[in-house]
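Taking it in order: structure first as structure tokens, then the write-up.
Every number here is computed from the coordinates shown, using simple stated rules; none is lab data. Values in this document were obtained by computation on a predicted structure and should not be read as measured data. Please note: Cβ atoms are built from the backbone with ideal geometry, for glycine as well, and neighbour counts cover all protein chains shown.
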Amino acid sequence: MLRTSDVMTTKILTVPPEMTLMGLEAMLRSNHISGAPVTEDGKLVGIISLTDIGRQLRVERSYAEALYDLADEAIAGKTTSSGRMEGISSQLAEKMEKLQVRDAMIQALVTARPDQPIVEVAQLFLDHRIHRLLVTDDAGNLVGIVSNTDLVRLIAKGELVAS
């Protein structure tokens, strides 16, 4: 029976919570990965992905649009729609430059044990609708990571079949 330790990647790229989202996006893309664990002082504190960056961008845009709507009401329509959108874009770009990993990371972590059967890991992916799973030892230390791509690779090789 395959176990998490048989599939997990042990060379893990981690990021600090104070890294900017812009820097994170560039780092993820240059390493051809879509997410990374977040560690602070050697301790696992979260996980972040390109999806999380996109979600934070949508939150910031909605917030900026709400502020402009309030401002438009206060000045009774003296701002043009195109001027308003330029302002939103400018404000959003400025804010995005300052946003950090800690602003968008997921802190509620779903983890697996190294000795956990891989079929249980597959079920965790489904149950939690996640794309990567952190593997921790009994002390909570990060020892590996498994992605849904790893499971698809096993299926393609015929190493993981339904029983």
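Sequence-ordered 3J(HN,Hα) estimates for the stretch 130-144 from the Karplus curve with 6.51, -1.76 and 1.60 and θ = phi - 60° stand at 10, 10, 8, 10, 7, 10, 10, 7, 4, 8, x, 7, 6, 10, x Hz, glycine and proline given as x. Listed values for the stretch 31-43 are Karplus-derived 3J(HN,Hα) couplings in whole Hz (6.51 cos²θ - 1.76 cosθ + 1.60, θ = phi - 60°), namely 9, 6, 10, 10, x, 7, x, 10, 10, 9, 6, x, 9, and x replaces Gly and Pro. Mind grabbing the base-10 log of I(q)/I(0) for the stretch 101-163 at q = 0.20, 0.26 Å⁻¹? Debye formula, identical points on the C-alpha positions, no solvent, two decimal places. Values, matching the q order: -0.83, -1.21. Amide hydrogen proximity for residue 99: with H placed 1.01 Å from N in the peptide plane, the residues at 5 or more positions away or on another chain lying under 5 Å are 21. The length gained by stretching the chain between residue 59 and residue 41 to full extension, at 0.36 nm per residue less their Cα-Cα distance, is 3.6 nm. If you take every residue apart from residue 153 with its C-beta less than 13 Å away from the C-beta of residue 153, what net charge results, scoring Lys and Arg +1 and Asp and Glu -1? That sum, taken over residues with Cβ under 13 Å, equals -2.
Close amide H pairs (under 5 Å, H built 1.01 Å from N) link residue 3 with 118, residues at least 5 positions away or on another chain.
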